[in-house]
Ligand SMILES: Cc1ncc(COP(=O)(O)O)c(C=O)c1O
């Protein structure tokens, strides 16, 4: 099948083409005919990933940060096809787990270019990463947030590139659960960093190269003030710890989920960052969501429409196991009825999981669907499939890639056998 994810006319948000904004792909911008055909051919629930959009998003943010290093934070979406597309764009990859490193390398990434952010790393992850480093990936940077991780690296004979993850004491983002910047779990407390750097320089063979912090996720223009303050703190710290090769200020650059939200103004963001940073060090960023968020859409089929005194309940075949963000973070995702729908009324859309958190929205005004209507959930490319689970014995859905007009499955649909094959009777 040859398709384009967006209609030829490119009527974005119902507005004329000349008002279109290439910085955002709304749920309405996807070609409904193409999505209906994909749902018919591959079944639902179904993720669709537009790899051309992934490339465009990466190119846009890489161009905006033209003097800085831009790494893709793999945790947002580690599909092989996504990692391969970004490898072709020459993106460096930031990995937060041994499994992510393995998948990035299998997708073509040069292990010596990877930055590994090790948060309470299990032994196997450290063994694997140090093994790659020893086998030739000498440029791999280990980003650690606790002194004990330094000791564990030293015990493994590591004397390569070391970066400290800092707890900057400032957090922000779309939900308190992703405002990592101020959470004690992450990073070395800000005030303790200089002394730790000193100790590494005195007592270890490792090469201290950088400082890193991630303030939180999902920031839009309103958060830029806090972000500038955060960058200023990191700049001061880099001066205290000089010489420092680079300061990595993390990711967290948001994408609009709601229609009324505007896409991030990248030039103001970059200007703010550069204005707040005057240490003698390179700057690095590691966006995840910005690169993949609006490149993904989730298709689901209506199986139940039930009137209740409180709301109209719409049952669908996707659930919190397919997309957990609404249940976990109260995240808003736009939903579009690709079959049309009737009068607008408040709808509560939920899946087959026997949990009250298994709802995509509650009382949201939307056209009333009928059984078998096809609904599309927008902006699911980041932390969508990536956080999918098999809870409730739900096999994970298929993921269909679109690239250069071609359509191909990039993750096959799981079956219940995929869940049970690793089990044995006692
Ligand atoms: C250390 C680090 N870097 C980068 C990211 C990517 O964040 P985002 O997808 O919001 O850009 C995260 C997300 O949690 C992170 O923890």
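Please compute the length gained on full extension between residue 266 and residue 191, using 0.36 nm multiplied by the number of residues separating them and subtracting their Cα-Cα distance.
Details: separation 75, 0.36 × 75 = 27.00 nm, distance 3.06 nm.
Difference between extended and current length: 23.9 nm.
Applying 0.36 nm per residue to the separation of residue 134 and residue 202 and subtracting their alpha-carbon distance, the gain on full extension is 22.2 nm. Taking the C-alpha atoms only, the angle from helix 266-276 to the longest principal axis of the chain is near 20 degrees. Taking only the Cα atoms of the chain, the radius of gyration and Dmax are 22.4, 71 Å. In this calculation the C-beta distance from residue 124 to residue 2 is compared with R0 = 41 Å, giving a FRET efficiency of 0.45.
Taken over region 103-234, the convex hull of the Cα atoms encloses 119 Å³ per residue.
Would you calculate, for the chain, the mean residue ellipticity at 222 nm contributed by helices, counting each DSSP H stretch of 4 or more residues as -39,500 (n - 2.57) and dividing by all residues, to the nearest 500? Please list the in-between numbers first.
Working: 12 runs with 117 residues, N = 426.
Only helices count here, giving -8000 deg cm²/dmol.
Taking 19 Å as the cut-off, no amide N atom of region 386-410 comes nearer than this to a point 7 Å along the Cα-to-beta-carbon line of residue 426.
For region 328-347, the residues whose amide N sits under 15 Å from a probe point set 7 Å from the Cα of residue 307 along the beta carbon direction are 342-347.
Going by how many other Cβ atoms sit within 10 Å of their own, how do 262, 306, 75 line up, fewest first? Spell out each step's value before the answer.
Numbers: 262 13, 306 10, 75 20.
Listing 262, 306, 75 from fewest to most nearby Cβ atoms yields 306, 262, 75.
Let me know the Kirkwood hydrodynamic radius for region 271-426, please, with Cα pairs as the basis and the value in Å to one decimal.
Working: mean 1/r = 0.0563 Å⁻¹.
Over region 271-426, the inverse of the mean reciprocal pair distance is 17.8 Å.
Just round it to a whole percent: the fraction of Cα-Cα distances in region 52-292 exceeding 33 Å. Before the final figure, lay out each step's value.
Details: 3480 of 28920 pairs.
In whole percent, the share of Cα-Cα pairs in region 52-292 beyond 33 Å is 12.
Listed by Cβ neighbour count within 10 Å, with the fewest neighbours leading, 298, 264 appear as 264, 298.
Note on residue 106 and residue 354: the model spin-label points, each 7 Å out from Cα along the C-beta direction, lie 3.4 nm apart. Between 0 and 90 degrees, the angle of helix 51-64 with respect to the longest Cα principal axis of the chain falls at about 40 degrees.
Cβ neighbours within 10 Å, averaged per peptide: list 31-42, 379-390, 198-209, 136-147 in order, most packed at the top.
Details: 31-42: 16.4, 379-390: 22.9, 198-209: 14.2, 136-147: 19.8.
In descending order of packing, they fall as 379-390, 136-147, 31-42, 198-209.
Mean-square fluctuations from a GNM of the chain, with a 10 angstrom spring cutoff on Cα atoms, peak among 87, 259, 28 at 259. Compared with the dominant Cα axis of the chain, that is its longest principal axis, helix 224-240 is turned about 20°.
Suppose the chain between residue 60 and residue 88 were pulled fully straight at 0.36 nm per residue; how much longer would it get relative to their current alpha carbon spacing?
Details: separation 28, 0.36 × 28 = 10.08 nm, distance 1.51 nm.
Stretched fully, the residue 60-residue 88 segment lengthens by 8.6 nm.
Where a number appears in this text, it was derived from the coordinates with a stated rule and is not lab data. Predicted model only: the values in this text are computed from it and were never measured. Here Cβ is always computed from backbone atoms with ideal geometry, including for glycine, and neighbour counts include all displayed protein chains.
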